[in-house]
Every structure is written in structure tokens, then in C-alpha cells.
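Asks: Structure incoming, see below.
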Amino acid sequence: SSHQSRGCIAQGKIEAVIADLAQKKIEALQKTWAKVNADFGSIFSTLLPGTNAKLEPQAGCPVEEGLEVKVAFGAVWKQSLTELSGGQRSLVALSLVLSLLRFKPAPVYILDEIDAALDLSHTQNIGQMIRAHFKQSQFVVVSLKEGERATWRPAPRRTRPSGTRPPPANAPDP
């Protein structure tokens, strides 16, 4: 029976590893939720001033069982996203996607007609939000609307090899 006792020890070790991994998964989910939730609220309130948004677990449930999207206008929290207009729901969706992208940012994003359902003021807020929340990323934004080109373009960020001089101010772009 030393063979059986070794089997029990191995099974106990496997169960301990599984329990440890389950705990690490929960901790990673909670850390991700905290970061994404903060960015979600910040991005949404930039896109739609005077509002707030958050991701919260269903009543009595842990984070790992799912999250609900909650939106407030002023101090009034909406009971359901169906109370929002189509444009407002588009901004909620865009805020959620962008808050997830902020968790692991990329250097370049291409967004195609994300403003299709929005009026011009909200389109301009998207440009402001990109500048405020994505300082380390470049965006290519395709829009068929007139008049917003300048609001979409963040200033280009150029890097040059160390030890080199910047080009003269009157030098043409490469």
C-alpha cells in the first residue's frame, strides 16, 4: 500500500494546485474588473458629460458569475439599458470596448464609422476621449460625417533614435 498512499498524496497535490489556480483566476478577474470598471466610467462620462457608468456583479453574486452594465444620468441610475436612446446605447458599447482595450493597450487602433449613430457633439466627444484616455496609442478613425477631421487626429508622436538631433523646424516631413 505505499502505492496507494503515493496516489493519495499525488491527488492531494493536484487538488491543491487546482484550488490555487482557481484562487488566482478569481484574483485576476477582480483586478481586471477594477481597472476596466474605472476606465468604463471615465470613458463614458467623457463621451456623454453628466453621466456615469459602471460594471457591477448581480446582487448577491461574485464577480466571476458575471457583471451588469449600469448607467446614470445625473444622480439617477437607469433600471435598464432599454431606457437609453440608440445613440446612448452606442456610446455605452463603445465605452465598454475601449475600456477593455485600455486594459492591454495596443499601439494602433482603426475605428470604422463608430460615430454613424451619433450627432456631431458626441462625435467630437469621441475625439476628446481618445486624446484624454489613449495618449500612448495612435488612431485611424474613418467617419463619413463632415467637419470633424481636426477633432479626430491626436498629435503625432514621433520617436527618434537616442543621440540624434531633431530635424530643423522648416524641414519637410519624411
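Asks: Which condition does A106 not pass, out of (1) among the hydrophobic types (A, V, I, L, M, F, W, C); (2) closer than 28 Å to R131 by Cα; (3) part of a helix (DSSP H, G or I), if it passes all the others?
Replies: Checking A106 against (1) among the hydrophobic types (A, V, I, L, M, F, W, C); (2) closer than 28 Å to R131 by Cα; (3) part of a helix (DSSP H, G or I), the one that fails is (3).
Asks: Suppose the filter is of a type outside the set (K, R), at pLDDT below 55, open to solvent by 30 Å² or more (accessible area, probe 1.4 Å) and over 30 Å from L67 (Cα atoms); does P168 pass it?
Replies: So P168 fails the test.
Asks: Separate question: What number of residues within region 14-54 are open to solvent by less than 70 Å² (accessible area, probe 1.4 Å) and not in a helix (DSSP H, G or I)?
Replies: The number of residues fulfilling the criteria is 6.
Asks: Still on this structure, please answer the following. Going residue by residue through region 135-147, is there one that turns out to be touching a Leu at 6+ places or on another chain (Cβ under 6 Å), modelled with pLDDT of 85 or more, farther than 20 Å from S45 by Cβ and open to solvent by less than 80 Å² (accessible area, probe 1.4 Å)?
Replies: Yes, region 135-147 contains a residue that is touching a Leu at 6+ places or on another chain (Cβ under 6 Å), modelled with pLDDT of 85 or more, farther than 20 Å from S45 by Cβ and open to solvent by less than 80 Å² (accessible area, probe 1.4 Å).
Asks: E27: of a type in the set (D, E) and under 30 Å from S137 (Cα atoms), yes or no?
Replies: Against the criterion (of a type in the set (D, E) and under 30 Å from S137 (Cα atoms)), E27 qualifies.
Asks: So which residues in region 90-99 are open to solvent by 40 Å² or more (accessible area, probe 1.4 Å) and within 17 Å of L67 (Cα to Cα), if there are any at all?
Replies: A93, L96, V97
Asks: Identify, please: which residue in region 57-77 is more than 18 Å from T32 (Cβ to Cβ) and among the aliphatic types (A, V, I, L, M) and is, among those, surrounded by the most Cβ atoms within 10 Å (Cβ to Cβ)?
Replies: Selected residue: V71.
The values are calculated or read from the model by the stated rules, or taken from the named source; none is laboratory data. Owing to the predicted nature of the structure, the values given are computational and were not obtained by experimental measurement. Cβ: placed from backbone, ideal geometry, glycine included. Neighbour counts: every protein chain shown. Accessible surface is based on the protein model in full, side chains and every heavy atom, while ligands, DNA and RNA are left aside. Shrake-Rupley method; radii C 1.70, N 1.55, O 1.52, S 1.80 Å.
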